Amino acid sequence: MISLKPYLIRAIYDWIVDSSFTPYLLVNADSEGVMVPRQYVQDGKIVLNLRPQAVQGLSLGNHNIAFNARFGGTPMQVDIPMRAVLAIYAQENGRGMLFDEDGEDDTPPPASSSPQEPSAKKRPVLKVVK
């Protein structure tokens with residue numbers, strides 16, 4: 001199953017930018033594969049400003065977030081695996097979404113060791129509301 005997290009991040013990012021607010025990304029900088037300026041990491045976390053004027057080449061992909069930015073005048077390529085994103089929120093009012101540190105990642109769930117009969121599987125019932 002495809003992770004919901006990148007879709008939520010993109011939607012909240014769009015809402016923040018459309019509202020003329022500043023999108024901030026809270027990242028677990030100690031997570032494997034994270035490429036951020038280490039001198040700005042505090043307690044294993046870093047907050048990144050994703051305002052369109054502050055970053056170049058922003059890619060909000062399904063597996064990672066990548067962009068170029070200047071930190072203390074020095075250009076740097078930033079790369080953040082989706083599992084390392086802890087929150088996205090508007091700097092001005094704090095509205096956004098917090099993600100569980102131990103939450104879902106990009107790996108599919110393990111296969112069940114005892115397959116069920118198709119009729120025994122629970123399926124959600126969708127109800128149309130008018």
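Counted as qualifying within the stretch 11-95 are the strands (runs of 3 or more DSSP E) with 2 or more residues that are of a type in the set (Phe, Trp, Tyr), namely 64-71. Taking the stretch 59-85 as the range and being free of Cβ contacts under 8 Å to residues at least 60 places away in the same chain, buried (at least 18 other Cβ atoms within 10 Å of the Cβ) and under 17 Å from the mean Cα position of the chain (by Cα) as the test, the residues that pass are Leu60, Asn64, Ile65, Phe67, Val78, Ile80, Pro81, Arg83, Ala84. Scanning the stretch 20-39 for residues that are hydroxyl-bearing (Ser, Thr, Tyr) and exposed (fewer than 13 other Cβ atoms within 10 Å of the Cβ) yields a single hit, Ser20.
Bear in mind that the values in this text are calculations on the coordinates, not laboratory data. Computed from a prediction, not measured in an experiment: that's the story for all the values here. Neighbour counts are summed over all protein chains in view; Cβ atoms, including those assigned to glycine, are modelled from backbone coordinates with ideal geometry.
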